[in-house]
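Remarks on the structure that follows.
The numbers here are math on the coordinates, done by the rules we state, and not lab data. What you see is a predicted model, and the numbers here were worked out from it, not measured in a lab. As a convention, Cβ positions derive from the backbone with ideal geometry for all residues, glycine included, and neighbour counts pool all protein chains shown.
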Amino acid sequence: MIFFPGLAFFTTSIGLAQRLMLDINTLENTLEGNLIDKISRSFSIELPVKDSMDDYLDFIIPLVRPWGEDLYEQEYYLNTRWLEISDEDAFHESILHIFQVEGSYLISIDGNISQRGWSILPKSNTLILQEADQSIQGELYDLAFMNADFFILRKHGNQKRKGNKKYFVMARESLVRGLEWRDVMELMFNRYRNNSQFIVIVAVIIFILAALVVLSFF
C-alpha cells in the first residue's frame, strides 16, 4: 500500500473541522435555549403579592438599588413636590414634602403649610429632618432608595418593634396623583422590570453579533 502523508493530513483536518462545527452547533443551541428562557422570563416578571407596603419595599428596593442616586445628587429631589404614600387605612390627607436649597423643608397637609429644616450628615446618605427651631430634637433617616420619581427613607432604629412603619415613602406627585399605594409599588417595580428587559435585549444583540463573527471564519 502506498502512503500519502498529505491525504492523511487532509482527512484528519476534515475530521477536526467536523467535530469543531458540531461543538459550535451544540454551544449555539445551548446558549440559544438559555437566552430564549431568559428573554421569556424577563418579559413575564410579575410583582409578588405582599401584605404591606413595607413588605413590598423589602422585596423591591434590593432590585432597584443599582439604579438609585445619592443624597448629594440634590438635583433629583430639590424643589420637587413629593407626595407622601402610606398603606394605613386611616391615611386620607394629601401630604406634600418639598425640600429647598439652604436646608428649607416645607410640608403641606391638605394645603396647610409648615416650615422645617433638613441637612445631610457629612460623608453619608443620612438625612436629618428638624423643626424650624433647630434646637428642638430632629429625626435621623437613612436613604433607602431615590431616583427622579421615588424618594424613600428609613428612620434609624428598629421601628417595627415600636409599631411604626419601616419606610417613609414619597413619590413625585405628578406621577402618582390619584393612585392607590399598591399601584405605586407596581410603578416602582417597573423600574426593575424595564431595566432587566433592556439588559437582556442588549445581551441578545451582543450574542448575535458574536455568533456572526465566529461563523464568518467558517
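Using 0.36 nm per residue and subtracting the Cα-Cα separation, the extra length available between Glu75 and Asn112 on full extension is 10.8 nm. For Gly138, no residue 5 or more places off, or on another chain, has a built amide H under 5 Å of its own.
Loop-located chymotrypsin sites (Phe, Trp or Tyr not before Pro) in region 91-142 (DSSP state other than H, G, I, E, B) with a sparse environment of at most 16 neighbouring Cβ atoms within 10 Å: Phe91.
Excluding same-chain residues fewer than 8 positions from Lys123, which aspartates and glutamates have a Cα within less than 14 Å of its Cα? Output for Lys123: Asp70, Glu73, Asp142.
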